[in-house]
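> Can you keep this structure in mind? I'll have questions shortly.
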Amino acid sequence: MRHRPATFAALLGLTRAASAIGDFWVQDDFCAQVKGASDDHPVTYIDPTTEQKTTHGTADGRKACLKHCLTYTATQAIVAGAGARALGIKVHPAAAAAALAISFTTHYAADRRVPGKGLLEKIATKTGNGGFYKLADFGMNGAFHLDSAWHHGWETVAAVVATTKATTQ
């Protein structure tokens, strides 16, 4: 396809925007706080409306992360689908499904940030970036930045996959 670079750029832009919407607007407070909970590192959640405190372990952490990743991926599907349609891009259904599966899987792997056991923390430590991962000072949060970089990288891979057999009108 001779327009693949433009199609890739459009899909990457659409999924990048959808990612920010899914992570920061669609994700609820409960999922954001509980998705990294484990039995070894429980999370106490305080409901902002009722001020009721509940404690959550591994099962709830996995459910919260799963819910977040489902809504995140659905947001990407809706935004990328609508944007592609508006731009006259026809994405092959199998390529779209593969791209969304990449996004979902890698997002879940990164967002289950169980202290000392999470994938991103392990990778950061092994690559000499453990100190940056734990940085939460000077107006910076290393884990947040490494998480964002991880997602951006995988969104790029997903956008390449999504352009497979794509056509333009």
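> Determine whether Thr54 is farther than 20 Å from Ala143 by Cβ, open to solvent by 30 Å² or more (accessible area, probe 1.4 Å), in contact with a helix residue (DSSP H, G or I) (Cβ under 9 Å, 6 or more places away or on another chain) and at pLDDT 95 or above.
Numbers: farther than 20 Å from Ala143 by Cβ: yes; open to solvent by 30 Å² or more (accessible area, probe 1.4 Å): yes; in contact with a helix residue (DSSP H, G or I) (Cβ under 9 Å, 6 or more places away or on another chain): yes; at pLDDT 95 or above: yes.
So Thr54 passes the test.
> Restricting to region 74-89, and then to whatever is part of a helix (DSSP H, G or I) and touching a helix residue (DSSP H, G or I) at 6+ places or on another chain (Cβ under 7 Å), can you tell me which residue is farthest from Cys31 (Cα to Cα)? Write out each step before concluding.
Step one: of region 74-89, the residues part of a helix (DSSP H, G or I) are 74-87.
The next check asks that each one be touching a helix residue (DSSP H, G or I) at 6+ places or on another chain (Cβ under 7 Å); those that pass are 75-77, 79-80, 83-84, 87.
Working: Thr75: 16, Gln76: 18, Ala77: 20, Val79: 21, Ala80: 23, Gly83: 27, Ala84: 29, Leu87: 33 Å.
Per the stated criteria, the residue is Leu87.
> Follow-up question, since we're still on this one. Do any helices (runs of 4 or more DSSP H) lying entirely in region 90-159 carry at least 1 residues that are under 24 Å from Arg4 (Cα atoms), and which ones are they? Before you say what the answer is, go through the steps one by one.
On the way: elements: 93-111, 119-126, 130-134.
Ranges flagged: 93-111.
> How many of the residues in region 25-48 are aromatic (Phe, Trp, Tyr) and over 15 Å from the mean Cα position of the chain (by Cα)?
Of all residues in region 25-48, those aromatic (Phe, Trp, Tyr) come to 25, 30, 45.
If we keep only those that are over 15 Å from the mean Cα position of the chain (by Cα) too, we end up with 30, 45.
Matching residues across region 25-48 total 2.
> Right, another one. Condition first: out of contact with any Cys (no Cβ under 7 Å at 6 or more places or on another chain), without any contact (Cβ under 8 Å) to a residue 60 or more places away in the chain, small (Gly, Ala, Ser) and surrounded by fewer than 14 Cβ atoms within 10 Å (Cβ to Cβ). Can you find one or more residues in region 81-92 that meet it?
At the first step, the residues of region 81-92 found to be out of contact with any Cys (no Cβ under 7 Å at 6 or more places or on another chain) are 81-92.
With without any contact (Cβ under 8 Å) to a residue 60 or more places away in the chain added as a condition, the list becomes 81-82, 85-86.
Checking which are small (Gly, Ala, Ser) leaves us with 81-82, 86.
Next, only the ones that are surrounded by fewer than 14 Cβ atoms within 10 Å (Cβ to Cβ) stay: 82, 86.
Yes; the residues of region 81-92 include at least one that is out of contact with any Cys (no Cβ under 7 Å at 6 or more places or on another chain), without any contact (Cβ under 8 Å) to a residue 60 or more places away in the chain, small (Gly, Ala, Ser) and surrounded by fewer than 14 Cβ atoms within 10 Å (Cβ to Cβ).
> Go through (1) small (Gly, Ala, Ser); (2) touching a residue at least 24 places away in the same chain (Cβ under 8 Å); (3) closer than 22 Å to Gly153 by Cβ one by one and return the number of the condition Ala101 breaks.
Looking at each condition in turn, Ala101 falls short on (2).
> Does at least one position in region 43-54 carry a residue that is without any contact (Cβ under 8 Å) to a residue 40 or more places away in the chain, in a helix (DSSP H, G or I) and β-branched (Val, Ile, Thr)? Step through it out loud before you land on a result.
Within region 43-54, the subset without any contact (Cβ under 8 Å) to a residue 40 or more places away in the chain is 43-54.
Still in the running and in a helix (DSSP H, G or I): none.
No, region 43-54 contains no residue that is without any contact (Cβ under 8 Å) to a residue 40 or more places away in the chain, in a helix (DSSP H, G or I) and β-branched (Val, Ile, Thr).
The values are calculated or read from the model by the stated rules, or taken from the named source; none is laboratory data. This one's a predicted model, so the numbers in the text were calculated from it and none came from an experiment. Because the Cβ atoms are built from the backbone with ideal geometry, glycine has one as well, and the counts that use them run over all protein chains shown. Quick note on the areas: whole protein, heavy atoms, side chains included, nothing else; ligands and nucleic acids left out. Shrake-Rupley method; radii C 1.70, N 1.55, O 1.52, S 1.80 Å.
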